[in-house]
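Just below is one structure, and these are the notes that go with it.
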2 protein chains.
Amino acid sequence: MRLSKTSEYALRIFSFMINDDKQVFSAKYLVNNLNIPEKYLRNLLTKLTKFNLIKSIKGRDGGFVFAKNADKITLADIVDAVEGMDKYEKCILGFDYCDESRPCALHHRWHPIKQQILDFLNNTTVADLRDKEGNLRF
Amino acid sequence: MRLSKTSEYALRIFSFMINDDKQVFSAKYLVNNLNIPEKYLRNLLTKLTKFNLIKSIKGRDGGFVFAKNADKITLADIVDAVEGMDKYEKCILGFDYCDESRPCALHHRWHPIKQQILDFLNNTTVADLRDKEGNLRF
DNA sequence: ACAAAATTCCACATCAAAATAGAAATTAAA
DNA sequence: TTTAATTTCTATTTTGATGTGGAATTTTGT
């Protein structure tokens, strides 16, 4: 697929957080553990905070925590905050009007696959990112 | 999904050509019928020619024709020529190494869907774009 | 109160995709 | 042979995503 790089980063942040024992994650700690440019990561954390996906704790010993329970944060929430979900819902040929009654040449073949992608993003939560078999590497 | 805009354009060119009676398609004719910036479309046609997906006929009354039979041109061929297929084959979290033996946190859930996308692109041909029910609009 | 550790804000730099511009080269019809 | 209709080439501009830099602000521990 082709999520934006920023969406990749965002998902990796959540994937890391759900699989680490810490309760509060300082930006510095995330920088040290994720392979994401420092400044870009900090900006991204601020953005995710504004969308109420994580909460920031200021001051000494501060950092970031989940803003709500991990099973209430979907991948679609994250992607939507970072780059918008619109692109993934649109016609594959880029037409404005494409739907069941006025389908593009690919609509009938593509639609069921697109639906699976959207279901995947909408129904997978951060809690689902928890690794059960200990084979994660960052 | 999120093909690049250029891939969208390219697919629309083929979709239009397979559904139009003409044999030779001048750039001007395509410009008039597809909603794509003129200069950009012309450059794109040249590119597709270099990848041997269409052939150009120069000079007066020239234009473009399919370089091979429509059922021998896959969507993946087109996307690959225009932007490369690599992106669509990579790990959804952007890791280099992600596979069955060292999966990322999303690998098992995402892999079957990714496979469907790739099958769709690899197995759908330009011939499949032919509209049977006459409900195409451009 | 002070200093340390953190987030936040504003501005700028880089890069690749997308879009544009103009001139050159090719061909075939008349 | 002329001319018109075409493709082709090289270069530049614009735009949005990605990435950097530095100072300001907030908060906590001591």
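Descriptive notes on the structure:
- Filtering B:Arg2, B:Arg60, B:Arg12 for residues that are crowded, with 16+ Cβ neighbours inside 10 Å, out of contact with any helix residue (DSSP H, G or I) (no Cβ under 9 Å at 6 or more places or on another chain) and not small (Gly, Ala, Ser) leaves a single hit, B:Arg12.
- Whichever residue in the range A:54-91 is under 30 Å from A:Trp110 (Cα atoms), more than 14 Å from chain B (Cβ to nearest Cβ) and among the acidic types (Asp, Glu) and, among such residues, is farthest from DNA strand D (Cβ to nearest atom): A:Asp71
- Under the condition of being surrounded by fewer than 18 Cβ atoms within 10 Å (Cβ to Cβ) and under 16 Å from B:Val82 (Cβ atoms), the residues counted in the range B:15-38 number 2.
- Verdict on B:Lys22 being assigned to a loop (DSSP other than H, G, I, E, B), in contact with a helix residue (DSSP H, G or I) (Cβ under 8 Å, 6 or more places away or on another chain) and over 27 Å from B:Ile117 (Cβ atoms): yes
- Flag if A:Glu100 is of a type in the set (D, E, K, R) and touching a helix residue (DSSP H, G or I) at 6+ places or on another chain (Cβ under 7 Å): no
- If you go through the range B:29-45 and keep only what is assigned to a helix (DSSP H, G or I) and either more than 10 Å from DNA strand C (Cβ to nearest atom) or of a type in the set (Phe, Trp, Tyr) (or both), you end up with B:Tyr29, B:Leu30, B:Val31, B:Asn32, B:Asn33, B:Tyr40, B:Leu45.
- Some residue of the range A:49-71 being polar (S, T, N, Q), part of a helix (DSSP H, G or I) and under 25 Å from A:Tyr29 (Cβ atoms): yes
- Number of the exception - B:Gly94 against (1) of a type outside the set (A, V, I, L, M, F, W, C); (2) more than 8 Å from chain A (Cβ to nearest Cβ); (3) free of Cβ contacts under 8 Å to residues at least 24 places away in the same chain: (2)
- Condition met for A:Asp99 (surrounded by fewer than 18 Cβ atoms within 10 Å (Cβ to Cβ), over 18 Å from A:Asn19 (Cβ atoms) and more than 10 Å from chain B (Cβ to nearest Cβ)): yes
Read-outs throughout are calculated quantities, based only on the coordinates presented, and are distinct from any laboratory measurement. Just so it is clear, the model here is predicted, and its values are computed rather than measured. Because the Cβ atoms are built from the backbone with ideal geometry, glycine has one as well, and the counts that use them run over all protein chains shown.
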